[in-house]
1. Please work out the FRET efficiency for the pair B:GLU123 and A:ASP96, using the Cβ-Cβ distance as r and a Förster radius of 51 Å; give the result to the nearest 0.05.
2. What does the convex hull of the alpha-carbon atoms of region A:24-95 project to on average, in nm²?
3. Could you grab the relative contact order for chain B? Cα pairs under 8 Å, six or more apart, rounded to a whole percent.
4. What is the sum of charges, Lys and Arg at +1 and Asp and Glu at -1, for the other residues whose Cβ falls under 10 Å from the Cβ of A:VAL33?
5. Return the distance in nm (one decimal) between the two label points of a simple spin-label model at B:GLU82 and B:ILE4, each offset 7 Å from Cα along Cα→Cβ.
6. Once R0 is set to 22 Å, what does the formula 1/(1 + (r/R0)^6) return for the Cβ-Cβ distance between B:ASP18 and B:SER54, expressed as a FRET efficiency to the nearest 0.05?
7. Give the span of region B:24-100's Cα atoms along each principal axis, as three whole-Å numbers ordered largest to smallest.
8. Rounded, prolate or oblate, given the Cα gyration tensor of chain B, with a/c below 1.5 counting as rounded?
Amino acid sequence: MTTTRSHTLPQHETHTLLATDGAWRVVVLNDPVNLMSYVVLVFKKVFGFDEATARQHMLEVHEQGRSIVWSGLREKAEAYAFTLQQWHLTTVLETDEAH
Amino acid sequence: MKRIEVKLSLPVVAPLLDVIRELADGLRKNLAAPSTLTELDDDFRDAWVGELVSSQNDDVHTLLALFDGNFFSEGVVAFDEENAEPIMRACAAVRLRLRECYLKPLGDETLETGDLDLTSLAEPLRKAFMCYLFLATVQELIIQHLDESILGH
């Protein structure tokens, strides 16, 4: 019994955590200051994007005003948002519930 | 270590340093772009902003260190794998601050294209816009010559 209980509880807790905390989006917003080439470099540096993917996200930011550059668990989303803000890109975090 | 040296025109660049230093003062306690994260609780947000300001200060310090005695005697500044990344970020910070403090009247489209007749501007707007263009040129130089160093760092 003890073995079963200790085996079951953590699984249940993990599911709860993922359901409430799992869908955070890192969104970069357009600004008129940062160079396109700079934004591409930052995306490549921070996310490891290849040139084409980084460029696609940069163009989305430029033309549509925003681009979702990453989504996943909150803690990691916050870490990415912090790094992007260190590079002075305007970054917001969103949850699925916000849409 | 890859390193590039750039010879700058002293009479053109030296006067811009006053603007950069003035803005650097304003960046000591404030972020170049205000944090937009409203989801964080107050304590966490304060710590978050504090860390960003500290990192921003380190970057701006590295940018200002470019303009040392060697710059004023030879007009030369050097970029390498160590300083490329902080200088890129510091240039972005000062450019954002330039927009906030001086350049908003020019409009966002002008700031995006950089397309403007400098002679049509009065001081101090002219000097601020020259500074804005100069820092963009520094960023472009680094991207052109040291991007692999930054990506591999």
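The values are calculated or read from the model by the stated rules, or taken from the named source; none is laboratory data. Just so you know, these numbers come straight off a predicted model, no measurement behind them. With ideal geometry, Cβ positions are generated from the backbone for all residues, glycine too; neighbour counts draw on all protein chains shown. To get the accessible areas, we keep the full protein, side chains included, count just its heavy atoms, and leave off ligands, DNA and RNA. Shrake-Rupley method; radii C 1.70, N 1.55, O 1.52, S 1.80 Å.
1. Taking R0 as 51 Å, the efficiency between B:GLU123 and A:ASP96 is 0.50.
2. One quarter of the hull surface, i.e. the mean projection, equals 4.1 nm².
3. 34 percent
4. -1
5. 2.0 nm
6. After rounding, the FRET efficiency stands at 0.30.
7. 50, 26, 15
8. Oblate, because a/c is 1.5 or more while a/b does not exceed b/c.
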